[in-house]
Amino acid sequence: MCLGIPLQIYPALGSVTAMTVFFPLDTARLRLQVDEKRKARSTPTILSEIVKEEGLLAPYRGWFPVICSLCCSNFVYFYCFHSLKASWLRGLKSTPSKDLLIGITSGVVNVLVTTPLWVVNTRLKLQGAKFRNADIRPTNYSGIMDAFVQIVEDEGIGALWNGTFPSLLLVLNPAVQFMIYEGLKRQLKKGVHRELLSLEAFMIGAVAKAVATTVTYPLQTVQSILRFGQHGEHTGRSLLNSLRGVMHLLINRVRRHGWQGLFKGLEAKLLQTVLTAALMFLLYEKIASSTFRVMGVKRPVSSR
């Protein structure tokens, strides 16, 4: 149907809007993850330090490449999710286990396609930052394409897929998120055919993302370190070497900073992802509902 592709754009629009609103929180999270010598403080304190040292717009550095990556990533994920759901279920009742399997499959496709974009935007977002760790080498990328070229020339094309292994493990994040979201949504709409209230969409989106984020945060820390490309350890390209590399980074982090080192920046990440996810789902429901209403088409019931 002609409504198939536009439907996938709704969550992407919502997530882009939400990411823009809460972007400084992600900046604080990333600084704490990759700069081991920056002390963990409250999110407002970290943002205050960044603004004082680097300027008022520093919390929004790298916004454009992140938004580009986010648009591509969300489109790929949601398109795969809804396409697989439509083709696999074929009128059958949706269940949490089916949603989880479809979410994992969509996440794997998304990771393999979009990881190079996330590697580049991580580098651009951290360029010009005032690091506490003096061992971090400064970079000089003039833009997205220049970053692609320099990474390939200096580190090899494989570097564009740095962090792929933890990213593949992290497909559980959106998978768990959507399983919880769809499950809560079905419970709220059980026996009643109605649209979700704004507060309901916001709350179940927040709960779903909070659980998924907390469980997978150590892997997100390793993912950021690998994408930045200055961790100093060769993780290899094979599955076994990638697993060893991830374990080595996790163990080193614990040795240097204790178990809390694995969760450095979690406060900022929770604030950013929970608020972003909640607002994304709220906008997703409202934009989709409004579009179907304007077009005079009855919206399909997703919980069938």
Note to self: Looking only at the stretch 32-77, how many residues end up being assigned to a helix (DSSP H, G or I) and within 23 Å of THR114 (Cβ to Cβ)?
What the structure shows: 18
Next item on the list: Considering every residue within the stretch 145-158, establish whether at least one is part of a loop (DSSP other than H, G, I, E, B) and in contact (Cβ under 8 Å) with a residue 24 or more places away in the chain.
Entry: no
Checklist line | Sole exception among (1) out of contact with any His (no Cβ under 7 Å at 6 or more places or on another chain); (2) closer than 30 Å to ALA147 by Cα; (3) modelled with pLDDT of 80 or more for ILE204, by number | finding: (2)
Note to self: Return the residues of the stretch 107-126 that are touching a residue at least 60 places away in the same chain (Cβ under 8 Å), open to solvent by less than 40 Å² (accessible area, probe 1.4 Å), out of contact with any Cys (no Cβ under 9 Å at 6 or more places or on another chain) and not basic (Lys, Arg); say none if nothing qualifies.
What the structure shows: VAL111, VAL119, THR122, LEU124, LEU126
Notebook entry, point to check: How many residues, within the stretch 144-171, are on the phi > 0 side of the Ramachandran plot and open to solvent by 20 Å² or more (accessible area, probe 1.4 Å)?
Noted result: 1
Next item on the list: Identify all residues within the stretch 172-195 that are in a helix (DSSP H, G or I) and either open to solvent by 70 Å² or more (accessible area, probe 1.4 Å) or in contact with a Phe, Trp or Tyr (Cβ under 8 Å, 6 or more places away or on another chain) (or both); write none if there are none.
Entry: LEU172, PRO174, PHE178, TYR181, GLN187
Check: So how many residues does the stretch 127-142 have that are of a type in the set (Phe, Trp, Tyr) and either open to solvent by 50 Å² or more (accessible area, probe 1.4 Å) or touching a residue at least 24 places away in the same chain (Cβ under 8 Å) (or both)?
Finding: 1
Check: Can you pull out the residues in the stretch 81-91 that are modelled with pLDDT of 75 or more, closer than 18 Å to GLY183 by Cα and part of a loop (DSSP other than H, G, I, E, B)?
Finding: none
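The values are calculated or read from the model by the stated rules, or taken from the named source; none is laboratory data. Everything numeric in this text was worked out from a predicted model, so none of it was measured. Ideal geometry is used to build each Cβ from the backbone, glycine not excepted, and the neighbour counts take in all protein chains shown. These area figures cover heavy atoms from the full protein model, side chains too; ligands, DNA and RNA do not enter into them. Shrake-Rupley method; radii C 1.70, N 1.55, O 1.52, S 1.80 Å.
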